[in-house]
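The values are calculated or read from the model by the stated rules, or taken from the named source; none is laboratory data. Because the structure is a prediction, the values reported are computed rather than measured. We place every Cβ from the backbone using ideal geometry, glycine too, and count neighbours over all the protein chains shown. Remember, those area values only see protein heavy atoms, side chains included, never the ligands or the DNA or RNA. Shrake-Rupley method; radii C 1.70, N 1.55, O 1.52, S 1.80 Å.
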Amino acid sequence: MLSIKDLHASVEETNILKGLSLEVKPGEVHAIMGPNGSGKSTLGNVLTGREGYSVSQGEVTFNGKDLLDLGIEERAHEGLFLAFQYPVEIPGVSNMEFLKAAVDAKRHHQGLSDLSAVEFMKTARDVIKHVSLDQSFLKRGVNEGFSGGEKKRNEILQMMLLEPSLCILDETDSGLDIDALQVVANGVNAMRNDDRSFIVVTHYQRLLDYIIPDYVHVLSGGRIVKSGGKELAKELEARGYSWLEGEVA
Amino acid sequence: MTDFQQHALQLADAQSSPDWLNDLRAQGAQQWQSAAWPTRRTELWKYTPLVPLQNGDFKRWAEPAGGWQDHIEQIDLDATRLVFVNGVFDPEASSELPPEVVRFGDASAEQKAVISEHLGKVVDTERHLFAALSNAWVAEGVLVHVPRGQRLPKPVYVLHVSTPTAEPATANSRVLAVLEDGAEATLIEHYASTADEQNGFVNSLTEVVLKDNAGMQHYRINMEEENIFHLGGVHADLYRSARLRGFTIAQGSRLKRVDYQVNHKGEGADLNLQGIYLPRNSQYVDYHTNIEHCVPHCTTKEVFRGILADKSRAVFNGRIHIHQDAQKTLAELSNKNLLTSNKAEVDTKPELEIYADDVKCAHGATVSQINKGALFYLQSRGVSRKEAEIMLSFGFINELLQEVQEPAVQNYLGPRLARLFSRDNELLRHISYE
Ligand SMILES: Nc1ncnc2c1ncn2[C@@H]1O[C@H](COP(=O)(O)OP(=O)(O)O)[C@@H](O)[C@H]1O
Ligand SMILES: [Mg+2]
C-alpha cells in the first residue's frame, strides 16, 4: 500500500526527515510515536503534498504510484487522507458545502456523478451521529468556533465520509477527553478492514488501548529509530524516549 | 471653474423642476460653482482622481430608454417599486404607491413641507461636493415618509437602471427617507445597468432621517457594467435610540465612489453597517465612510470586506469621529481585503478620532491573499485548487451575506456574486447561498 524508502525532506532549508523508511501493508495499523519536533507532522505534510516541503532524496510509492509525483488533490483521490493536528477554521464556507465538495470530488474521480443534496444530507446526517456531533455542526462554518475536540471529531467525520484507503491521524488524540478519545477510536475501529490502513501519530499510549496497532515505531531526529509490536508503546510510556537516543547514533 | 463644472450648471438650467425646489437648487449651484475642484491634494479625493470624469463629455441629460426589462434582473420581492431609467421615471415598470411614498413632483403640501425641511439638510455639502451638485440638479426624486409609530408593510424598492445612450449623458438620482418617532421601514436602492458598454455618469444621493426610536433597514446595491461613472452617497441623521441597519455592495467601474455619512445625534442611536466591494479587471471602487458620534451612548458596528481581482483598485476610508460629549460610545470598525491577484491594489485607512475618554472602540484593517492553510485543507480533501479558491473567495464575503436580513436580497446576490468569481457552474456547484 505505502512504501517509504530513505525519505529526506526539509522545510525552509532545514532538514527534518533524514532517511525515513516505512512499509505499510493493506489492513495494517501503524502507530508512530516520538518526541515533539521529531518530524511526525512533517511526514504527514510531505505525504499529502503541502507547499513548502521539499524532498531531496528517497521515494514514496502509494498503491504502486509515485506519490510524490501526484498533486495534492490527486493524492486524496487515490485514497490518502490526513486528519490534521490543527484543523483549519474556514468561516463563510459551511461544513456541509465543504464535506459535499470533498465527497463529490472523490466521486468525480471514480467516474460517478455528484450526490444530490438530499442524498448527501441523508448520508451526512447518518454519519455525523457516529462522531457524536450535533446536526447543527453541518451548518456552521468549517471548524468555525469548534472546540479542540469538536475539530477532531469533524476530522473523523470527513474520514468516514471519504472512506480513504490510507488514513494518517496526526495527534488526533491530543487534548481530547476520554469520551472524545473513544469517539475517535470507535471511528477508526469501525473503519478497520483488510484493505484499509492507518498511520496513527500519537504521544500517548492511551489511544493505543483503544486502537490496537499492529506495529509501533519511534520517530526521532527524522528517522525511525525503533520498531516493535504494541508492547513497545507501553515501554515508551514507562521509560520515555531518552533511552532510545543511543540507538539514533 | 472647470469646464466640467460649467457643463453641470448648464445641465441644471436645462431642467424643468418644481418651483418650490428652487431655493435648494440655487444654493447647490452656488456651492458647486464656487467650490475648488478636487485634486490629488484634496484630502477627500486623495486616492481617487476625478480626471476621467472631468474629461468625459457629460453635456446632456440621458434620455429614457425602453427594452431594458429583458436585460436587467430585478430583485424578486413584494415591494413598492419605483423604477427610473436613465434617471427618468418609468410608470409602466413601477407599482402603485402607498401614501407614505411619493415622487417629489407629486408631493402634497404636507409632503412638500417634509421635503423642504430635510432635503439637502442631512448631507454636509461643504464636505461633499457632488451632493451640492445633486442639490443643484434636484427635480425628480423619491420621498419615503413614515408617520409616527407606523411600520411600512412592504419594502420600498427603488431601481435605477442605466443604459448606454447615443452620446455620453448624465443621470441624477435622489431619495429622501424620513421616519418619524418609532416608525419602521425597509428601503432597497438598486443601481443596475444593462450588460452593454455604458457611457453615462450617475450622481446619486440618499438622505435618511430617523427620529426617536425609528428603525430602518437600508440596502444600496450598486452593480453596473464596468464603464459607468457613478458617484453616490448615503447620509443619515439618527436621533434618540434610532436604529439604522445598512448594507451596501458595489462592483467596481471606471470610477465608482460611494460615501456613507451617519450622524449619531440622539443618545442610544445604533448603526450597523456592512459593505462589500468586488472590483476586477481595471475597475475602481472607493468607499468613504464617516460616522459622527456627537452624543453619548451610541453604537456603531461597521464591517467592510473587499475582494480585488486582476488589476483592480479599491479605496476604503472609514472614519469614526467621537466627539468630546460622546461618552459611553461603543464603536467597532473592521475592513478586510482579499487580493486574488498580485496586480490588484487597495488603500485602506480606518481612522478613529476619539475626544471622549469613556468609550470602547476597536478598529482593524487587513489585506491578505487567499489563506494557504485553508486552501491546502480543501485540496487535501480532493477539491481542485480552482474550486477551492472560489469557495474560499465566496466564503470571505458570504460571512456578510449571511447576515443580510431581507431574504430576497440575499437570494438575489448569492448566485450573482458567485458568478463573479467564475462563470463555470462546475466550480460553483458547492456554493450555497443561505
Ligand atoms: N513551516 C515550518 N518552518 C520551519 N520549521 C518547521 C516548520 N514546520 C516544522 N518545522 C520544524 O520541523 C521540526 C519538526 O516539526 P514537526 O514535524 O511538526 O514535529 P512533530 O510533529 O513531530 O512535533 C521542528 O523542529 C519544527 O520546528
Ligand atoms: Mg506534530
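By how many nm would the segment from A:Ser116 to A:Thr14 grow when fully extended, if each residue of separation counts as 0.36 nm and the alpha-carbon distance is taken off?
Values: separation 102, 0.36 × 102 = 36.72 nm, distance 4.64 nm.
Fully extending the segment from A:Ser116 to A:Thr14 adds 32.1 nm.
Heavy atoms only, 1.4 Å probe, whole protein assembly: order A:Glu171, A:Glu73 by accessible area, highest first. Numbers along the way, then the final one.
Details: A:Glu171 15, A:Glu73 35 Å².
Solvent-accessible surface, decreasing: A:Glu73, A:Glu171.
Specify the inter-centroid distance of the stretch B:149-213 and the stretch B:35-69, based on alpha-carbon positions, in whole Å.
Their Cα centres are 19 Å away from one another.
Considering only protein heavy atoms, what per residue accessible area in square angstrom results for the stretch A:101-147 with a 1.4 angstrom probe? Before the final figure, lay out the partial values.
Numbers: 2570 Å² over 47 residues.
On a per-residue basis, the stretch A:101-147 sits at 55 Å².
Students often check this: by mean Cβ neighbours within 10 Å, which of A:112-124, B:289-301, A:226-238 ranks highest, and how do the rest follow? Walk me through the intermediate numbers first.
Details: A:112-124: 13.4, B:289-301: 22.2, A:226-238: 15.2.
The most tightly packed comes first, giving B:289-301, A:226-238, A:112-124.
Provide the FRET efficiency to the nearest 0.05 for the B:Ser95-A:Ile212 pair, computing r from the beta carbons and using R0 = 51 Å.
Numbers: r = 71 Å, r/R0 = 1.40.
Efficiency, rounded to the nearest 0.05: 0.10.
Give me the percent of the accessible area of the protein assembly as shown that comes from carbon and sulfur atoms, probe 1.4 Å, all protein chains in place.
Working: 12410 of 27380 Å².
Roughly 45 percent, rounded to a whole number.
Other chains near A:85-97: what is the mean number of their Cβ atoms within 10 Å of each residue's Cβ?
Working: counts 0, 1, 2, 9, 4, 10, 6, 13, 13, 7, 0, 2, 8.
Mean number of neighbouring Cβ atoms from other chains: 6.
Using label points projected 7 Å from each Cα along Cα→Cβ, tell me how many nm separate B:Asp19 and B:Asn371, to one decimal.
The two pseudo-label positions are separated by 6.4 nm.
After finding the eigenvalues of the alpha carbon gyration tensor for the protein assembly as shown, what semi-axes result from the square roots of 5 times each, listed largest first in whole Å? Working shown, then result.
Values: eigenvalues 706, 120, 109 Å².
So the equivalent ellipsoid measures 59, 25, 23 Å along its semi-axes.
The stretch B:217-250 to the stretch A:196-245: how many Å between their Cα centroids?
Between the Cα centres of the stretch B:217-250 and the stretch A:196-245 lies a distance of 61 Å.
With both bridge residues required to lie in the protein assembly as shown, what share of the DSSP beta bridges run antiparallel, to the nearest 5%?
Values: 31 of 179 bridges.
Counting DSSP beta bridges with both partners in the protein assembly as shown, the antiparallel share is about 15 percent.
To the nearest 0.05, what FRET efficiency results for A:Ser56 and A:Asp194 with a Förster distance of 41 Å applied to their C-beta separation?
On the way: r = 35 Å, r/R0 = 0.86.
Computed FRET efficiency for A:Ser56 and A:Asp194: 0.70.
At a Förster distance of 25 Å, what's the computed FRET efficiency of B:Asp124 paired with B:Lys301, Cβ-Cβ distance as r, to 0.05? Walk me through the numbers on the way to the answer.
Values: r = 23 Å, r/R0 = 0.91.
Rounded to the nearest 0.05, the efficiency is 0.65.
Please state, to two decimals, what the Cα-based radius of gyration of the stretch B:56-111 comes to when divided by 2.2 N^0.38 Å (N = residues). Numbers along the way, then the final one.
Values: Rg = 14.1 Å, N = 56, 2.2 N^0.38 = 10.2 Å.
Relative to the 2.2 N^0.38 Å estimate, the stretch B:56-111 comes out at 1.38.
Using only protein heavy atoms and a 1.4 angstrom probe, determine the accessible area buried between A and B, summed over both sides, in Å² to the nearest 100.
Working: alone 11780 and 17930 Å², together 27380 Å².
Rounded to the nearest hundred, the buried surface is 2300 Å².
Semi-axes of the equivalent ellipsoid of the stretch B:383-434: what are they in whole Å, largest first, if each equals the square root of 5 times a C-alpha gyration tensor eigenvalue? Mind dumping the intermediate values first?
On the way: eigenvalues 79, 24, 11 Å².
They are 20, 11, 8 Å, listed from largest to smallest.
How big is chain A along each principal axis, measuring the range of its Cα positions in Å and listing the largest first?
That works out to 57, 39, 35 Å along the principal axes.
Tell me the Rg and the Dmax, in Å, that the Cα atoms of chain B produce.
Expressed in Å, the Cα Rg and Dmax of chain B come to 21.0, 68.
Exceeding 26 Å between C-alpha atoms, which entries from my cross-link table qualify? They are A:Lys65/B:Lys386; B:Lys256/B:Lys328; B:Lys154/B:Lys328; B:Lys211/B:Lys328; B:Lys46/B:Lys211. Each step should come with its number before you reach the end.
On the way: A:Lys65/B:Lys386 24 Å; B:Lys256/B:Lys328 35 Å; B:Lys154/B:Lys328 35 Å; B:Lys211/B:Lys328 21 Å; B:Lys46/B:Lys211 34 Å.
Where the Cα-Cα span goes over 26 Å, the pairs concerned are B:Lys256/B:Lys328; B:Lys154/B:Lys328; B:Lys46/B:Lys211.
Could you compute the net charge surrounding B:Asp270? Neighbours are other residues with a C-beta less than 10 Å from the C-beta of B:Asp270; K and R count +1, D and E count -1.
Numbers: positive: B:Arg243, B:Arg245, B:Lys301; negative: none.
Cβ neighbours under 10 Å give a net charge of +3.
Go ahead and estimate [θ] at 222 nm for chain A from helices alone: -39,500 (n - 2.57) per DSSP H run with n ≥ 4, summed, over the residue count, rounded to 500. Intermediate values should be presented prior to the final figure.
On the way: 10 runs with 96 residues, N = 249.
Result for chain A, helices only: -11000 deg cm²/dmol.
For B:Asp76 and B:Glu167 in the same chain, what is the full-extension length gain: residue separation times 0.36 nm, less their Cα-Cα distance, in nm?
In short, 29.6 nm is gained.
Taking a probe of 1.4 angstrom, what is the accessible area of A:Tyr204 in Å², to the nearest 10?
Approximately 100 Å² for this residue.
Applying a 10 Å radius around every beta-carbon, put B:220-231, A:15-26 in order of their mean neighbour count, most first.
Values: B:220-231: 22.1, A:15-26: 17.2.
The peptides rank, most packed first, as B:220-231, A:15-26.
Rounded to the nearest Å, what's the spacing between the alpha carbon centres of the stretch A:59-89 and the stretch B:96-120? Just the number, please.
66
Could you give the nm distance between label points at B:Lys386 and B:Lys154, where each point is 7 Å from its Cα heading toward the beta carbon?
4.4
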